[in-house]
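Novice: Supplied in structure tokens, the structure appears directly below.
Derivation of every value follows stated rules applied to the coordinates shown; laboratory data play no part. Keep in mind that what you see is a predicted model, and the values were worked out from it rather than measured. For neighbour counting, all protein chains shown are included, and Cβ atoms are generated from backbone atoms with ideal geometry for every residue, glycine included.
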Amino acid sequence: MGGEAHGPLRLAILGTRGVPARYGGFETFAEQIASRLARRGHHVTVYRRSRYAQGDLPGVEIVTLPAVYTKHLETVSHGLLSVLHCASRRPDAALVCNAANAPLLPLLAAAGVATALNMDGIEWQRRKWSAVGRGGHRLGEHLGVALADAVITDARVIQSYYRRRHGVETVFIPYGGDLEPPSSSTLLRELDLAPGAYDLCVCRFEPENNPLQVVRAHALLDAPPPLVMVGGAPYARRYVEEVRQAAGPSVRFAGFRFGEEYRQLLFHARLVVYAGEVGGTHPVLLEAMGAGRPVLYNDTPENREAVGRAGVPFPSGGGAAGLAAAWGRLSGSPSMQVACARRGRARVEARYRWSAVTDAYEGLLRGLAARRHVRAPASP
């Protein structure tokens, strides 16, 4: 089998909305890892949800399956169908995203499939979840550390949490932040933006990402440049409307943007604001630093770990006034912006390159496949 030698592996990636990326960090991660592993000769299958079935990924097999599109059932329903399909194929190893899919891991184990589970932060802490949702994610966290062959965390802070709370040693593999520069700036012309003359915020519009705080802080600034808000939230229409109502006249809502359009907005921004307070390493922070953009970030341990000295923090829990004060300091100091940009590029080059991330995942999955296939797989 592929896992017993140094040849190509048969790999599966489950638990994201799908590729090419059309939603968030897990999707960007899956696209990068799948593409790079495929270019290295592995057969990679990615499972995606029918609602996000748009486009192909060269060299990657994409399996599109339905889901129950409600806030609490979308992930689990699609996860169950994906796991059943994956188990029937018996790949050498499966990379499963999201602790909510942990209860499904025994189905893969019964088929002899080695599993690595990417936890992505501490999901139950997100304010968007009801008591039932938080309980489900807590259960997934406990089951994940018990059932997965390897548990992956993308930040040292989150790794320490699992060591302290569960007594397990997770595998630390961060995200990458080195993106190719855009080939044009057509989207800027469509949005009536000038390069270097607008600020950018990219996030899902959910309470723990604080887009409402961002637009309120922008309104407190003295003659600020336009603020471009990229993102949205399919299950939070009331909150999204509240954000729009609080925004001043120079805030532009660009919706979800991916690929070339996202890179155009990112590489030409004056600075990037990130106000998220829950999770592991956030891709937008790494991508902003890799693009040479100064970063203004919520001062949480995870964000501080990712940014280091490559950005300016604002106090977590300081409200719009605290964010506006830090925003004003960075805006008023071109020398600080240049220094942050330089440090950010160097930090991504040293710590957050996708090639190194792919090396780590390839080595982990090969090792898991080799160990699991020492014995014959059981019937699914």
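Novice: How many percent of the alpha carbon pairs in segment 26-174 exceed a separation of 24 Å? Mind showing how you got there, number by number?
Specialist: Working: 3544 of 11026 pairs.
For segment 26-174, the fraction of Cα-Cα distances above 24 Å is 32 percent.
Novice: Follow-up. What is the sum of charges around Arg17, taking Lys and Arg as +1, Asp and Glu as -1, for the other residues whose C-beta is under 14 Å from the C-beta of Arg17?
Specialist: +2
Novice: What is the projected area of the convex hull of the Cα atoms of segment 174-290, averaged over all directions, in nm²?
Specialist: If you wrap the Cα atoms of segment 174-290 in a convex hull and average its projections, you get 7.2 nm².
Novice: Okay, moving on. So who's got an amide H within less than 5 Å of the one on Val151, skipping anything under 5 residues away but keeping other chains? H placed 1.01 Å off N, in plane.
Specialist: Residues meeting the criterion, in which the H sits 1.01 Å from N, are Leu117, Val171.
Novice: Kindly give the semi-axes, whole Å and largest first, of the ellipsoid equivalent to segment 30-91, taking each as the square root of 5 times a Cα gyration tensor eigenvalue.
Specialist: Working: eigenvalues 101, 39, 15 Å².
Listed largest to smallest, the semi-axes of segment 30-91 are 22, 14, 9 Å.
Novice: Between beta-carbons, use under 13 Å as the cut-off and find the net charge around Leu200, counting Lys and Arg +1, Asp and Glu -1.
Specialist: Net charge around Leu200: +2.
Novice: Something else now. Which shape class, rounded, prolate or oblate, goes with segment 256-302 when its Cα gyration tensor gives a ≥ b ≥ c as root eigenvalues, a/c under 1.5 marks rounded, and past that a/b bigger than b/c marks prolate?
Specialist: Prolate, because a/c is 1.5 or more and a/b exceeds b/c.
Novice: So how tilted is helix 25-39 from the main axis of the chain? Cα-based, degrees 0 to 90, rounded to 10.
Specialist: Value to nearest ten degrees: 60.
Novice: Over the Cα atoms of segment 132-219, how large are the radius of gyration and the largest Cα-Cα distance (Dmax), in Å?
Specialist: 19.7, 53
Novice: Relative contact order for the chain: what percent, with Cα pairs under 8 Å and sequence separation of 6 or more?
Specialist: This gives 18 percent for the chain.
Novice: Only helical DSSP H runs with n ≥ 4 go in: add -39500 (n - 2.57) per run for the chain, normalise by residue count and round the 222 nm mean residue ellipticity to 500 deg cm²/dmol. List each step's numbers first, then the result.
Specialist: Working: 14 runs with 164 residues, N = 380.
It comes out at -13500 deg cm²/dmol, rounded to the nearest 500.
Novice: For segment 4-51, take N as its residue count and report Rg(C-alpha) divided by 2.2 N^0.38 Å.
Specialist: So the Cα radius of gyration is 1.19 times the expected 2.2 N^0.38 Å.
Novice: Mind pulling the angle between the C-alpha long axis of helix 131-147 and the longest principal axis of the chain? Nearest 10 degrees, somewhere in 0 to 90.
Specialist: It works out to around 50 degrees.
Novice: Something else now. One quarter of the convex hull surface, Cα atoms only: what value does that give for the chain in nm²?
Specialist: So the Cα hull casts an average projection of 17.7 nm².
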